[in-house]
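Reviewing the structure listed below.
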Amino acid sequence: MNFLLDPAVAIYVAAAVALVVWLGVFAFLWRIDQTTRELRRKLDEETSPPVPTPRATLEPRRTQAARES
Amino acid sequence: MGAVSRLAPIAKLLLGVWLAGVVVAMFLVVPQYVGLGDAGRIIIMHVPTAWITTAAFTVSAVYSALYLWRRSPAHDANAVAAAEAGFLFCVLATVTGSIFAQIVWGTFWNWDPRETSILVLLLIYAAYFALRSAIDEPLRRRRLSAAYNLFAAVTMPFLVFVAPRVAESSLHPNCAFIQGSKCEGIVLNAGGIKIGQLGDVILELKGLEQRDDFAVATVEVRTPGLAERITLQPTLELASGRPADRPEFPGQQFLLALEEADVATGEALLNIEAPGTGLLSNSRTLWTFMAANLGFLGLFIWLYRLRADVLVLQERLAERRGTYELPA
């Protein structure tokens, strides 16, 4: 492992470590971002107002003959 | 789905690639700085994080003011999120600064005015979060913390920009970016006022003489606590008026320069050359530095918007849970 600390190599090792750390942070943020977006979509769907339905009732029409009988 | 929503993931991916490029450039494109070696690269991280800190706390204060005006919970969420992101960037600036201090000054923490002021800033915003967590009632918590946040924001420019520059003694290389802040050096006279202070060191001008084409100052340097006492002899080329020999301060990478000299009157202008001074005169360093500023700004916007979204969602979930728990 000592070759990693060699002055000619150390700068590349440091760059690689910093890059891996950033990619890890980025992946973590990306995952939270996607989860948040999904959760918000579900909550929006749940809390969206219900579609209004007609409140009329159907009744058989009483004809003149039926009223007389 | 709006155009902004469609473009947001692409912008975030671009930001990831952009900052990855900055990280690579910081190590492989930015050249070593004379006197600092590889340690100079930390400036690419340290300064942008410090600048984003001030931007974040300003954004937080604006949202707090908006909350006090309109009483919208979303504004409060944005204020908290921006303050949290600012706090994170402030910690990053402090840590990277401490690493720089260890390499250049030989200690992680020196109670330098810059270090002390950033610590006070961190404590002020830590108190903001403590205040929020101490109040259970949401409306009161939002109102009080918004008012506190405005006061905290007032102290921020003073602590970041003013205090470290008016302090008599600072080792922080302000001259790298802003000329004139404690960069003018001190004038000593071998026959008059001969003792002065530059950074943390005390200088005593023992003599000023001409040797051939050079003015030579004999300066006794005492480090803090008189731990070390050494005599340095910076020189000035009289024909060109430029400093020639710049001896190094004991145990530090700072150089002592004789910038002006009047051998007849014994008057000398002595200055400290801190590592980092003139760092951005290299174009590769400058462009990487600018790219880092842009990248960190994008990262801050993403972070605080995401955190504000999470806070709003938390509140909506809590409200829903409360509704479901109501007796039938």
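For the range B:186-273, what does the relative contact order come out to in percent, with C-alpha contacts under 8 Å and a separation of six or more?
This gives 26 percent for the range B:186-273.
Rounded to the nearest 10 degrees, what's the angle between the helix B:73-104 long axis and the longest principal axis of chain B, both from Cα atoms, 0 to 90?
30
If exposed means no more than 11 neighbouring beta carbons inside 10 Å and the site is in a DSSP loop, what's the longest run of chain B without any exposed GluC sites (Glu not before Pro)?
Maximal segment without exposed cleavage sites: B:1-167.
Tell me, in nm to one decimal, what length is gained between residue B:237 and residue B:282 on full extension, where the rule is 0.36 nm per residue of separation less the Cα-Cα distance?
13.6 nm
By how many nm would the segment from residue B:99 to residue B:151 lengthen if fully extended, with 0.36 nm per residue of separation less the alpha-carbon distance?
Taking residue B:99 through residue B:151 to full extension adds about 15.6 nm, to one decimal.
Please compute the contact order of the range B:1-132 in relative form: average sequence separation of alpha-carbon pairs under 8 Å and at least six residues apart, divided by the residue count, as a percent.
Relative contact order here is 20 percent.
If I model a spin label at residue A:12 and residue B:129 as a point 7 Å from the Cα along the Cα→Cβ vector, what separation in nanometres do I get?
3.9
Using only atoms on other chains, find how many Cβ atoms lie within 10 Å of each Cβ of peptide B:41-48 and report the average.
Across B:41-48, the average partner-chain Cβ count within 10 Å equals 1.
With the cut-off at 1.5 for a/c, could you classify chain B from its C-alpha gyration tensor as rounded, prolate or oblate?
It comes out prolate by the Cα gyration axes.
Under 18 Å from a label point 7 Å along Cα→Cβ of residue B:91: give me every residue in the range B:140-157 with its amide N that close.
Inside the label zone: nothing.
Take residue B:141 and residue A:2, extend 7 Å from each Cα along the Cα→Cβ direction, and tell me the distance between the two endpoints in nm.
With each label point 7 Å from Cα toward Cβ, the separation is 5.6 nm.
Give a quick list of trypsin sites (Lys or Arg not before Pro) in the range A:6-41 that DSSP marks as loop, anything other than H, G, I, E or B, with at most 16 other Cβ atoms within 10 Å.
Answer in residue order: no site qualifies.
Take the Cβ-Cβ distance between residue B:204 and residue B:32 as r, set R0 to 41 Å, and report the resulting FRET efficiency rounded to the nearest 0.05.
Here the calculated transfer efficiency is 0.75.
With the Cα gyration tensor of the range B:112-161 giving a ≥ b ≥ c as the square roots of its eigenvalues, does the rule (a/c under 1.5 for rounded; else a/b larger than b/c for prolate; else oblate) give rounded, prolate or oblate?
Verdict is oblate for the range B:112-161.
Calculate the spin-label point distance for residue B:314 paired with residue B:111, positioning each point 7 Å from the Cα along the beta-carbon direction, and give it in nanometres.
For residue B:111 paired with residue B:314, the spin-label model returns 3.7 nm.
Just counting partner chain Cβ atoms within 10 Å, what average do the residues of peptide B:9-17 show around their Cβ?
Partner-chain Cβ atoms within 10 Å, mean over residues of B:9-17: 2.
Could you please report the charge total around residue B:9, scoring K, R as +1 and D, E as -1 over all other residues with beta-carbon less than 10 angstrom from its beta-carbon?
+2
Give the shape of the range B:1-116 as rounded, prolate or oblate, defined through the alpha-carbon gyration tensor: a ≥ b ≥ c are the square roots of its eigenvalues, a/c under 1.5 means rounded, and otherwise the shape is prolate if a/b is larger than b/c and oblate if not.
Because a/c hits 1.5 or more and a/b fails to exceed b/c, the range B:1-116 counts as oblate.
Where does helix B:138-157 land angle-wise versus the long Cα axis of chain B, in degrees 0 to 90, nearest 10?
Rounded to the nearest ten degrees, it is 20.
With angles folded into 0 to 90 degrees, how steeply does helix B:283-324 sit against the dominant principal axis of chain B? Use alpha carbons for both and round to 10.
30
Bear in mind that the values in this text are calculations on the coordinates, not laboratory data. It should be emphasised that the depicted structure is a prediction, and the values quoted were computed from it without experimental measurement. Counting neighbours? That spans all protein chains shown, and the Cβs are built from the backbone with ideal geometry, glycine included.
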